[in-house]
Amino acid sequence: MTLLVTGGAGFIGSNFVHHWLSAHEEPLVNLDKLTYAGNVGNLQSLAQDKRHVFVQGDIGDTALVTQLLNQYQPRAVLHFAAESHVDRSIHGPLDFIQTNVVGTCQLLESVRAYWSALPADQQSHFRFLHVSTDEVYGSLSPDAPAFTETHPYEPNSPYAASKAASDHMVRAWHHTYGLPVLTTNCSNNYGPYHFPEKLIPLVIHHALSGKPLPVYGDGMQVRDWLFVEDHCRAIERVLQAGTPGETYNIGGWNEKPNIEVVKTLCHLLDELQPRADGQSYASQITYVKDRAGHDRRYAIDAGKIHNSLGWQPVETFETGLRKTVQWYLDHADWVSGVTSGAYRQWVDLHYGD
Ligand code: NAD
Ligand code: TYD
């Protein structure tokens, strides 16, 4: 028994790899292209672990994916690989179409060919688990109920549109070909190994570097935050007991306006690593130009996965955020490793003026 994981050197994928191998003997093959967001350093502690096979490559490389499927005979594919940053999708959408839409279709086709040739009992137990986002549902008004699995798709950013398209492809491969797929739509994650161009790790990194903490617009956009380990547990549970063809929303029941998240981070840092001048990190908060087409509010109704699979988050926002801040304080080497070169170019391009 083996799993094939795509994008397992990224933020959520690498957390999943660690989570899985800490609880299971079953090995996994980790296929990752190592874009700017992929980092083998996230997997360093597994270097001697024979249950983890890392392969650098593209999900759209049919020859490579076919070879890996035939060689390792996985019982499931867990598809994390994607271009994942909304702001980058605004600067350059085509990479998102290539990996998230075209790449996912190429992967689906490679997997379908492999799955079709399996003996009947293995075919019925096989799973293709597609990891997606709440952003496919679009933006909620302040008092609207949280997204359920039947909420209409109304993606607003190029990233969200590319993920929505990939969700539709996965659905179609189930309905047309019978591929046993599972789709999860999760809210904003945070935790260890989060690349510091997303809000929470960016604020921690900028605070400690004495830089401005950029808050878009009025800072009142709402996101529903989930500690990454809780997301990994949810994926594990959906893989184990989810019904093929179903989708599962995953969220933390933690709606927070961005400015509150930033201020909470500042207070945690004030406590755990106070500034030398005794001032609060909150004095570094700087309101900047809003993101184009910025979605105002996301909120997930995680009732289905709770009621049907018994999953619920373990961490509260307070416990998860404290763990996250402590992890970044303890891993300054990791942060300096990923914030050189290309990272600085991105910060200059995006926040430059
Ligand atoms: P990430 O950007 O940190 O990691 C993506 C990984 O995919 C990287 O390691 C990258 O090298 C790899 N990759 C990119 N293109 C590839 C390709 N063509 N072939 C092989 N590998 C490729 O992203 P993340 O935050 O870990 O997100 C993982 C998945 O979870 C994505 O599908 C994302 O849409 C989804 N998701 C993320 C969040 C979140 O808050 N981060 C929330 C819900 C869903
Ligand atoms: P982000 O972490 O990029 O996730 P997403 O866009 O997928 O929700 O952003 C989270 C929220 O924080 C989003 O509303 C945009 C906002 N934000 C800022 O205010 N400043 C920043 O510098 C960044 C990166 C994000």
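The values are calculated or read from the model by the stated rules, or taken from the named source; none is laboratory data. Every value quoted in this text rests on a predicted model; they were computed, and no experiment measured them. Note that we place each Cβ from the backbone using ideal geometry, even for glycine, and neighbour counts take in every protein chain shown. Protein only, heavy atoms only, side chains kept; ligands, DNA and RNA dropped before computing areas. Shrake-Rupley method; radii C 1.70, N 1.55, O 1.52, S 1.80 Å.
Using modelled amide H (1.01 Å from N, peptide plane; none on Pro or chain starts), what sits under 5 Å from the amide H of THR133, excluding residues fewer than 5 places away? Counting only residues 5 or more places away or on other chains, the set is CYS186. In straight-distance terms, cross-link reach from LYS304 covers every one of the lysines whose alpha-carbon lies under 25 Å from its own, apart from those fewer than eight places away in the same chain; here that gives LYS163, LYS256.
Of the Cα atoms belonging to the range 160-216, the radius of gyration and Dmax stand at 17.8, 54 Å. Summary of the geometry: the range 64-100 and the range 151-176, compared by the centres of their Cα atoms, lie 14 Å apart.
Taking the Cα centre of the chain as origin, sum charge times position over the Cβ atoms of Lys and Arg (+1) and Asp and Glu (-1), and report the length of that vector in debye to the nearest 20. Could you put the intermediate results ahead of the total?
Details: 25 positive and 38 negative charges, 60 e Å.
Its charge dipole is roughly 280 debye.
The H on the amide N of LEU34, modeled in the peptide plane, is under 5 Å from the matching H of GLY57, each at least 5 residues off or on a different chain. For ASP290, the residues whose modelled amide H falls within less than 5 Å of its own, excluding neighbours fewer than 5 places apart on the same chain, are GLY217. Just the protein heavy atoms count here, and of the accessible area of the range 266-353 at 1.4 Å, carbon and sulfur take up 50 percent. Remark: the chain projects, on average over all directions, an area of 17.0 nm² (convex hull of Cα atoms).
The aspartates and glutamates within cross-link reach of LYS50, meaning a Cα-to-Cα straight distance under 13 Å and a gap of 8 or more places when in the same chain, are GLU25, GLU26.
The distance from the alpha carbon centre of the range 28-61 to that of the range 288-316 is 28 Å, rounded to a whole number. Estimated from helical segments only, the mean residue ellipticity of the chain at 222 nm is -12500 deg cm²/dmol, where each DSSP H run of four or more residues counts as -39500 (n - 2.57).
In the calculated pair distance distribution of the range 214-353, what percentage of Cα-Cα distances lie above 23 Å? Intermediate results must be reported in sequence, preceding the final value.
Values: 5059 of 9730 pairs.
The share of Cα pairs beyond 23 Å in the range 214-353 comes to 52 percent.
Of the accessible area of the range 69-159, computed with a 1.4 Å probe over protein heavy atoms only, carbon and sulfur atoms account for 53 percent. Solvent-accessible surface of the chain, taken per residue with a 1.4 Å probe and all protein chains present: 42 Å². Per-residue 3J(HN,Hα) values for the range 279-287, derived from phi via the Karplus relation 6.51 cos²θ - 1.76 cosθ + 1.60 with θ = phi - 60°, read 7, 7, 4, 4, 5, 8, 4, 9, 7 Hz in sequence order (x marks Gly and Pro). DSSP bridge analysis restricted to the chain gives an antiparallel fraction near 10%, rounded to the nearest 5.
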